[in-house]
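Contents: one structure, followed by commentary.
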Amino acid sequence: MKRIKIKHVLSSDGKELIGQRITVKGWVRAFRSNRFIQINDGSCLANIQAVIDFEKYDGDIIKQITTAAAVSVSGLLIASIGSEQSLELQVEEIEILGAAHPDDVQKTILQPKKHSLELLREQAHLRFRTNTFSAVFRIRHAVAYAIHHYFHSNGFFYLHTPIITGSDAEGAGEMFRVSTLDPKSPPLNEAGEVDYKQDFFGKPVNLTVSGQLEAELAALALGQVYTFGPTFRAENSNTSRHLAEFWMIEPEVAFNDLTDNMDLTEDFLKYLCSFVVENCKEDLSFLNLREQQEQSQKPLNERNELSLVERLTFVIENPFKRLTYSEAIEVLLNSNHHKKKKFQYPIAWGIDLQSEHERYLVEKEFKCPVILSNYPAEIKAFYMRQNDDNKTVAAMDVLFPGIGEIVGGSQREERYDVLLEKCKAFKIPEEELWWYLQTRKLGTVPHAGFGLGFERMIMFVTGMTNIRDVIPFPRTPLNASF
């Protein structure tokens, strides 16, 4: 018989299968009383219960029905008389597809007990089989699908930007070098420096930190494009919010100004949250309960004010509050939180806001998502459009509850002379970005875009608090396992 996924069997459509003989395949989550087998195939969070009459089967078969074993089970699907499930499968045939030896299971996270997230990270090759991580990665897939669906439905074109690049879009210099030269004895030039003219690309190249600059080029011909791909930062940061390899979504739109950019961002983020709420109910409910159980173990003053589901609803239902960076600084300076010295980091015009400041604005002051705009030029990238005050740029950040900044964007500097001066100020050689500058002399137009860190978004919609837990195999300093 053809295999049927457990998700389909347990769905409302699955009721049509009652009384029919079906086949399911999956991994044993539990086997109790030598009678009841809990099987999961990854298609959904729930298991299906298969009931076996062990007296009809060879003892060696029964011994192999252990936690983590892969099985194929065929039998009659019936309505269950048990209270924990509505359907169950009466086993007529069972095949062990892959045995799981109990001694080996005991050495892994597959043993049926609670494990720390740190231990689960150490066994990332197996953590997909846990309820928590199967839920997280099904939601990750759903959000990736929603991103493509949103942009396609709104007339955007998906652009694959290069992973290997000769430019630093952010100007931060924290990039991974790509080279085929012998690291032990690289060729040297007359100055005694590494001669990159003999390297594969004939010059120094790196892994990209952003697809934005290339996306701008396409937007100036196709109107509106988006990238969705891996990006890399060689930042020696071991925090719960940073990865060396992560995924970015970066739309760029010709003829958009900063206000248009904010409108697009708000609509996009609301759509993603709505998609998860509407299409990931089972996994979201599980993660919501998991978070509530974790929160109950914390002191009252450290607990989230809103549950996971409430935070998603909070974003969907509330218009985003918009204010300038300067206005936000005034709000923070005048806050009781500041006056009572509860902020860890100082507040003054010109600082790069810390997560505690951003979360205060969202969670305490305005109680809704916040978009800050017009940041000091000194703390933002060279490509952001200079405002008329010559102090600020047309930048924007979107702040979410529980996470702080989730999106950064700007109107791009479309004026050739101004952009050239910005490159000089940021010590970016003109010859390095000649192609980018040239677009400002060939039919330049106002345009804008933003970047959404995919893993930051997945943290928000799953309630996971460490970014290492929302990407299959995290890359962090001193860690490139699996």
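Restricting segment 220-244 to residues that are in contact (Cβ under 8 Å) with a residue 12 or more places away in the chain and hydrophobic (A, V, I, L, M, F, W, C), which is most open to solvent (accessible area, probe 1.4 Å)?
Only one residue tops the list, namely 222.
Only one of these is modelled with pLDDT of 95 or more, hydroxyl-bearing (Ser, Thr, Tyr), in a helix (DSSP H, G or I) and over 16 Å from residue 168 (Cβ atoms): 259, 227. Name it.
Just a single option satisfies the conditions, and that option is 259.
Got at least one residue in segment 323-333 being open to solvent by 30 Å² or more (accessible area, probe 1.4 Å), modelled with pLDDT under 95 and either over 19 Å from residue 355 (Cβ atoms) or within 28 Å of the chain's Cα centre (by Cα) (or both)?
Within segment 323-333, none of the residues are open to solvent by 30 Å² or more (accessible area, probe 1.4 Å), modelled with pLDDT under 95 and either over 19 Å from residue 355 (Cβ atoms) or within 28 Å of the chain's Cα centre (by Cα) (or both).
Quick grid of which residues meet (1) in contact (Cβ under 8 Å) with a residue 40 or more places away in the chain; (2) closer than 15 Å to residue 215 by Cα; (3) surrounded by fewer than 21 Cβ atoms within 10 Å (Cβ to Cβ):
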residue: 388; (1), (2), (3): no, no, yes
residue: 400; (1), (2), (3): yes, no, no
residue: 435; (1), (2), (3): yes, yes, yes
residue: 442; (1), (2), (3): no, no, yes
residue: 463; (1), (2), (3): yes, no, no
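Out of the residues in segment 232-256 meeting the condition of being touching a Leu at 6+ places or on another chain (Cβ under 8 Å) and in a strand (DSSP E or B), tell me which one is farthest from residue 163 (Cα to Cα).
Here the residue is 254.
Do the conditions hold for residue 465, that is, is it within 22 Å of residue 258 (Cα to Cα) and of a type in the set (Val, Ile, Thr)?
When the stated conditions are applied, residue 465 does not pass them.
Going residue by residue through segment 288-306, is there one that turns out to be part of a helix (DSSP H, G or I) and buried (at least 21 other Cβ atoms within 10 Å of the Cβ)?
No, that holds for no residue.
Every residue in segment 55-73 that is of a type in the set (A, V, I, L, M, F, W, C) and part of a loop (DSSP other than H, G, I, E, B), please.
65, 68, 69
Give the residues of segment 18-44 that are of a type in the set (A, V, I, L, M, F, W, C), in contact with a strand residue (DSSP E or B) (Cβ under 8 Å, 6 or more places away or on another chain) and either farther than 13 Å from residue 75 by Cβ or open to solvent by 20 Å² or more (accessible area, probe 1.4 Å) (or both), sorted by residue number.
18, 27, 28, 30, 31, 36
Quick one: in segment 351-386, of everything that is within 28 Å of residue 429 (Cα to Cα) and of a type in the set (Lys, Arg), which residue is most open to solvent (accessible area, probe 1.4 Å)?
Top of the filtered list is 385.
Could you list, in sequence order, all residues of segment 186-219 that are touching a residue at least 60 places away in the same chain (Cβ under 8 Å) and part of a helix (DSSP H, G or I)?
212, 213, 215, 216, 217, 218, 219
Just one of 14, 42, 26 is of a type in the set (Gly, Ala, Ser) and part of a strand (DSSP E or B); which is it?
26 is the lone residue from the list that is of a type in the set (Gly, Ala, Ser) and part of a strand (DSSP E or B).
Only residues that are surrounded by 15 or more Cβ atoms within 10 Å (Cβ to Cβ), in a loop (DSSP other than H, G, I, E, B) and in contact (Cβ under 8 Å) with a residue 24 or more places away in the chain: list them for segment 334-350, please.
Hit for segment 334-350 is 335, nothing else.
Quick one: how many residues across segment 152-176 are outside any loop (DSSP other than H, G, I, E, B) and at pLDDT below 95?
Here the count works out to 1.
Within segment 455-465, is even one residue over 30 Å from residue 220 (Cβ atoms) and in contact with a strand residue (DSSP E or B) (Cβ under 8 Å, 6 or more places away or on another chain)?
yes
Does residue 157 qualify as being open to solvent by 30 Å² or more (accessible area, probe 1.4 Å), under 15 Å from residue 208 (Cβ atoms) and among the aromatic types (Phe, Trp, Tyr)?
Criteria not met by residue 157.
Does at least one position in segment 419-436 carry a residue that is of a type in the set (Val, Ile, Thr) and not in a loop (DSSP other than H, G, I, E, B)?
The answer is no, given that none of the residues of segment 419-436 is of a type in the set (Val, Ile, Thr) and not in a loop (DSSP other than H, G, I, E, B).
For residues in segment 117-145 being β-branched (Val, Ile, Thr) and not in a loop (DSSP other than H, G, I, E, B), which is surrounded by the fewest Cβ atoms within 10 Å (Cβ to Cβ)?
132
Would it be correct to say that residue 405 is outside any helix (DSSP H, G or I), open to solvent by 10 Å² or more (accessible area, probe 1.4 Å) and touching a residue at least 12 places away in the same chain (Cβ under 8 Å)?
Here the answer is yes, as residue 405 does meet what is asked.
For segment 45-54, indicate whether the set of residues that are free of Cβ contacts under 8 Å to residues at least 24 places away in the same chain, surrounded by fewer than 16 Cβ atoms within 10 Å (Cβ to Cβ) and not in a loop (DSSP other than H, G, I, E, B) is non-empty.
yes
Looking for whichever is modelled with pLDDT of 95 or more, of a type in the set (A, V, I, L, M, F, W, C), within 21 Å of residue 131 (Cα to Cα) and in contact with a helix residue (DSSP H, G or I) (Cβ under 7 Å, 6 or more places away or on another chain) here; the options are 6, 48. Which one fits?
Just one listed residue meets the conditions, 48.
Specify which of the listed residues (12, 80) is open to solvent by 80 Å² or more (accessible area, probe 1.4 Å) and modelled with pLDDT under 95.
Among 12, 80, only 12 is open to solvent by 80 Å² or more (accessible area, probe 1.4 Å) and modelled with pLDDT under 95.
The values are calculated or read from the model by the stated rules, or taken from the named source; none is laboratory data. Here the structure is a predicted model, which is why all the values come from computation and not from measurement. No Cβ is skipped: glycine too gets one built from the backbone with ideal geometry, and neighbour counts run over all protein chains shown. Only protein heavy atoms, including side chains, enter the accessible area calculation; ligands, DNA and RNA are left aside. Shrake-Rupley method; radii C 1.70, N 1.55, O 1.52, S 1.80 Å.
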